[in-house]
Amino acid sequence: MIKPTFLMFFLLCFSAHSVHAQDVEVLLNAVKKKLDKVNSYEAEGTMKTNVSFLKIPVSSIKMYFKKPSKVKIKTTSGLSFLPKGAVQFNLNSILSDGDYMVIDGGAATLKSSSIRIVKLLPKNESSPIVLTTLYILPEQNIILKSITTTKENGTYELNMTYQKYKEWGLPDQIIFAFNTKDYKLPKGITFDFDDGAAKKKSKPALGNKKAEVLINIKNYVINKPIAEEIFK
Amino acid sequence: MINLLGLELYKIARRPRTYIAFVAVAAIVLVFQLAFLADGESYMSLMLQNVKDNFDMESSKAINGYFMCYIILNTLLVQVPILVALIAGDAISGEANMGTLRLMLTKPISRLNIIAVKFTAAFIFTLVLLFWMAIVALLFSIFLFGADDMLIFRVRSEESFIMQIAKDDVMWRYFAAFAYAAVALTVISSLAILLSVFSDNSIGPIVTTVCIVIFFTIISNLNVPVIDKNIKPFLFTSYLVGWKGFFYINTSEEGQPIKQSLENWPAIRNSLLVLLTHIVVFFSLAVYFFRKKDILS
Amino acid sequence: MTPLLHVEQLNKSYKNLSAVKNLSFSVYPGDVFGFLGQNGAGKSTTLRMLLSLIVPTSGSIQIFNKDLNRNRSYILSRIGAVIEKPDLYKYLTAYQNLKLFASMSGKKIPKSTLLEQLDKVGLLSRADSKVATYSQGMKQRLGIAVALVHDPELVILDEPTNGLDPQGIADVRNLILDLSKQGKTVIVSSHLLGEIELIANRMLVMDKGVKLVEGDVSTLLDPKKLKVRIQTQNNAAAFSLFANSEWKKFEATQQENALHFTIEKELMADLLTFFVSNGVGVLSAEPLHSLEDYFLNITQKTNHD
């Protein structure tokens, strides 16, 4: 299931009518072109969820993508808590089409690489997205990081690491960070066993309302036809 | 002694009241299972609340046999003490009421033996009842709902969270939990037997046991800090839910559950020791008073 | 002769009540020992102490030459008892009850013996009926079967005739005499003097927790003052026959359905022969001793001494 927030916006309203920063648009197009080579893929991986109120194991997953924007994550066994916004990291869909202004955010350094910051501002007033910031590595035409600020659901952040599938613009690791609401069960409802132990010392560094999902991906099978049923 | 135990079990087996417990357990479990078959999703939605805003979760997979059994035990283990008291509270007093205690004590059997046999019979009854619960609440739930990873919804101090236990890591926890429950319920039965020493009718000790359990449980769950600190540790009912400790899986620094682990084994062990101490004390008192008791019935 | 049972300075007191005070007595092998007293005299308490159902406050109980406190199992395995009404497991059958209690006696008892015992008390045909369906008399007989099934040397019966109909009372009486013939020692309590007089050779009378007398029944009960109740085919004819004979020196009264005589014990048989030989059939003859009279008698005696 895809959360119809900023994703939809990107899907529907991409347009390259930016007034400023011609070179940034060129860069963006280059990134887009690279991603366009991938019509579909299937990949295996693991997903680790780091949320204070979810004590869940690392799960084995399978990821599927099909142009223009279909993404599906499935766990190979057991129960899974799949982050709804995670489908956003499908960069193909972000850049496939759109109606936004492109602003040059200047140059910066990220993980000791020189990168270019590109800001995308939606033109549509009713868009749920306020702003998307992309951190692009210019010489490789890949996106290292994106921050999307929404009107209602806080900020979504993607950090990507590339290795084996760099030419396809497909990351080996994605760290997806977002805001969550407080989780609270009414006390007493569960008759819990109070073992008198102190709270666990290793409180997640992220705090209560931050969630982080780390996905490691391997074995991409690119441009092999994928049945439609998978995305249902 | 073995012979006497056989007789005692024979008596329990011949009494219609014994089967109330089994029917009651099956009925409660069945109601739960039917309710969850019909509308388990809304329960799961309630428990998952706003988690659903950020995460996709297949509720139908979460409502599986393991989860069902946990939910059922949660409720059932509050009521089962009543069923155990029903049998154990009758142990001495029921015989006194019928007049058979008098007859039995004119036979060459020591009073210690009689208490020991009654106690063992009640323990065996408890084991059989728990075995029955394992069949209907666990195995039958697995049959109805399948087996998958298990979710534990938990509140600790001010913190609420969800723990996930891999399905291949669940079964031993249930074995341990049922074993713990056997010890916990034996506290109830030894209390009921102790009370039944003083009475010549079975209603008194049964009702008193149930009242004590209910009263203590209410106090144990008041969540008033003063009581939590000063009174709760001294109530045996606070330790009855210790079986849950076997489902509190330890987590890594980053919050991932560690298979085959327990979050706080020392706490479970201490609770077990507290319960065992209660059993020893109740049993000894029962023996002491029964040996001094004049049989006037 | 060494007593089979010897009680020395037995006391039982509850908070502010002394149920048994300084009681000492002996029962000899083969005795049918009558324990006599009104309700609340302390009979039941004493019998329960003999069976270790009640813990004495002080005193000693020796049975089979052993101390009850230290040899409880040994002693109890040789005793059979029915205390008050015989309460059994109502949801079990007579046979199941008998089997259950037989196995508690510490002896292996074969099925044939169990069935034989049920036959002896006339319950064989109802062996597989639940005790809940039994009448009081049937329960009493089953209780006796339970008490006797392991062939005890000493039988203790507490008010065994309570709540029984005349036939039942007669049955119990015969059973006790039967046990006595088998050489068993029987201790039987009752509040009916006539009952004890008919079956016991020795007796003990208690009142308010204290022993009044103990001894041979024949010596204790003044033979000259045997009261007897006789029912004949024609009471009026029998009475006039009596009043016009040399028997008239003895006291006689005509009651509603019977005649009451006070005569010497050894003349009982002669009196009955007198009626029969004069054509008046005798339906029944039983001693009539009122315990109250007897107590009064003993107390007066005690006062005179």
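The values are calculated or read from the model by the stated rules, or taken from the named source; none is laboratory data. Just so it is clear, the model here is predicted, and its values are computed rather than measured. No Cβ is skipped: glycine too gets one built from the backbone with ideal geometry, and neighbour counts run over all protein chains shown. Please note that ligands, DNA and RNA were not included when accessible areas were found on the heavy atoms of the full protein model with its side chains. Shrake-Rupley method; radii C 1.70, N 1.55, O 1.52, S 1.80 Å.
Quick notes on this structure:
- Residue pairs whose Cβ atoms lie under 6 Å apart, sitting 6 or more positions apart in sequence or on different chains, and linking a residue in region B:173-197 that is on the phi < 0 side of the Ramachandran plot to a partner that is outside any helix (DSSP H, G or I) and not charged (D, E, K, R), are B:Ala192/B:Gly89; B:Ile193/B:Ala91; B:Ser196/B:Gly89; B:Ser196/B:Ala91; B:Ser196/B:Ile92; B:Val197/B:Ile92.
- Candidates B:Ile227, B:Ile212 - the one that is more than 30 Å from B:Ser261 (Cα to Cα), within 14 Å of chain A (Cβ to nearest Cβ) and not in a strand (DSSP E or B): B:Ile227
- Test: residue in region B:33-56 that is more than 22 Å from A:Gly78 (Cβ to Cβ) and surrounded by 16 or more Cβ atoms within 10 Å (Cβ to Cβ): yes
- Conditions (1) part of a helix (DSSP H, G or I); (2) more than 8 Å from every other protein chain (Cβ to nearest Cβ): number failed by B:Trp243: (2)
- For the residues C:Ile176, C:Ile199, the requirement of being in contact (Cβ under 8 Å) with a residue 12 or more places away in the chain, closer than 21 Å to C:Leu4 by Cβ and open to solvent by less than 10 Å² (accessible area, probe 1.4 Å) singles out C:Ile176.
- Checked against the criteria, C:Ser218 counts as in contact with a Lys or Arg (Cβ under 9 Å, 6 or more places away or on another chain), of a type in the set (Gly, Ala, Ser), open to solvent by 30 Å² or more (accessible area, probe 1.4 Å) and within 30 Å of C:Leu4 (Cβ to Cβ).
- Region B:229-261: number of residues that are within 24 Å of B:Thr186 (Cα to Cα) and open to solvent by less than 60 Å² (accessible area, probe 1.4 Å): 16
- Condition check for A:Ile129: aliphatic (A, V, I, L, M), open to solvent by 40 Å² or more (accessible area, probe 1.4 Å), over 12 Å from the mean Cα position of the chain (by Cα) and modelled with pLDDT under 80: no
- The residues of region C:255-279 that are at pLDDT 85 or above, open to solvent by 60 Å² or more (accessible area, probe 1.4 Å) and in a helix (DSSP H, G or I), listed by number, are C:Asp270, C:Thr273, C:Val276, C:Ser277.
- When each of B:Phe123, B:Phe131, B:Phe143, B:Phe119 is tested for being open to solvent by 20 Å² or more (accessible area, probe 1.4 Å), over 20 Å from the mean Cα position of the chain (by Cα) and either acidic (Asp, Glu) or away from every other protein chain (no Cβ under 14 Å) (or both), the lone residue that passes is B:Phe143.
- Scanning region B:24-71 for residues that are touching a helix residue (DSSP H, G or I) at 6+ places or on another chain (Cβ under 8 Å) and of a type in the set (Lys, Arg) turns up just one, B:Lys52.
- Single match in B:Thr217, B:Thr186 (criterion: within 14 Å of the chain's Cα centre (by Cα), of a type outside the set (A, V, I, L, M) and crowded, with 22+ Cβ neighbours inside 10 Å): B:Thr186
- Every residue from region A:137-163 that is among the charged types (D, E, K, R) and either within 24 Å of A:Gly106 (Cβ to Cβ) or without any contact (Cβ under 8 Å) to a residue 12 or more places away in the chain (or both): A:Glu139, A:Lys145, A:Glu157
- Of the residues making up region C:1-30, those that are open to solvent by less than 70 Å² (accessible area, probe 1.4 Å) and among the charged types (D, E, K, R) number 1.
- Among the residues listed as C:Ser105, C:Ser73, the single one being within 10 Å of another protein chain (Cβ to nearest Cβ) and modelled with pLDDT of 90 or more: C:Ser73
- Helices (runs of 4 or more DSSP H) enclosed by region C:130-243 - at least 1 residues per element that are among the aromatic types (Phe, Trp, Tyr): C:235-243
- In region C:60-105, of all residues being open to solvent by 50 Å² or more (accessible area, probe 1.4 Å) and touching a residue at least 40 places away in the same chain (Cβ under 8 Å), the one that is farthest from B:Ile114 (Cα to Cα) corresponds to C:Asn65.
- Matching option when the condition is on the phi > 0 side of the Ramachandran plot and either touching a Phe, Trp or Tyr at 6+ places or on another chain (Cβ under 8 Å) or open to solvent by 30 Å² or more (accessible area, probe 1.4 Å) (or both), among C:Lys249, C:Lys227, C:Lys181, C:Lys208: C:Lys208
- Single unsatisfied condition, B:Ser202 versus (1) away from chain A (no Cβ under 14 Å); (2) open to solvent by less than 40 Å² (accessible area, probe 1.4 Å); (3) out of contact with any helix residue (DSSP H, G or I) (no Cβ under 7 Å at 6 or more places or on another chain): (3)
- Residue satisfying all of: in region B:252-297; charged (D, E, K, R) and over 20 Å from the mean Cα position of the chain (by Cα); farthest from B:Gly242 (Cα to Cα) among these: B:Asp294
- Residue pairs meeting the criteria (Cβ under 8 Å; at least 6 apart or on separate chains; first surrounded by 24 or more Cβ atoms within 10 Å (Cβ to Cβ), in region B:74-93; second among the charged types (D, E, K, R)): B:Ile87/B:Arg17; B:Ala88/B:Lys118; B:Asp90/B:Arg17; B:Ala91/B:Lys118; B:Ile92/B:Lys118; B:Ser93/B:Asp200
- Of the criteria (1) surrounded by 22 or more Cβ atoms within 10 Å (Cβ to Cβ); (2) touching an Asp or Glu at 6+ places or on another chain (Cβ under 6 Å); (3) more than 10 Å from every other protein chain (Cβ to nearest Cβ), which one C:Gly42 fails: (2)
- Lone qualifier among B:Ser284, B:Ser271 - being in a helix (DSSP H, G or I), loosely packed, with under 14 Cβ neighbours inside 10 Å and either of a type in the set (S, T, N, Q) or within 14 Å of chain A (Cβ to nearest Cβ) (or both): B:Ser284
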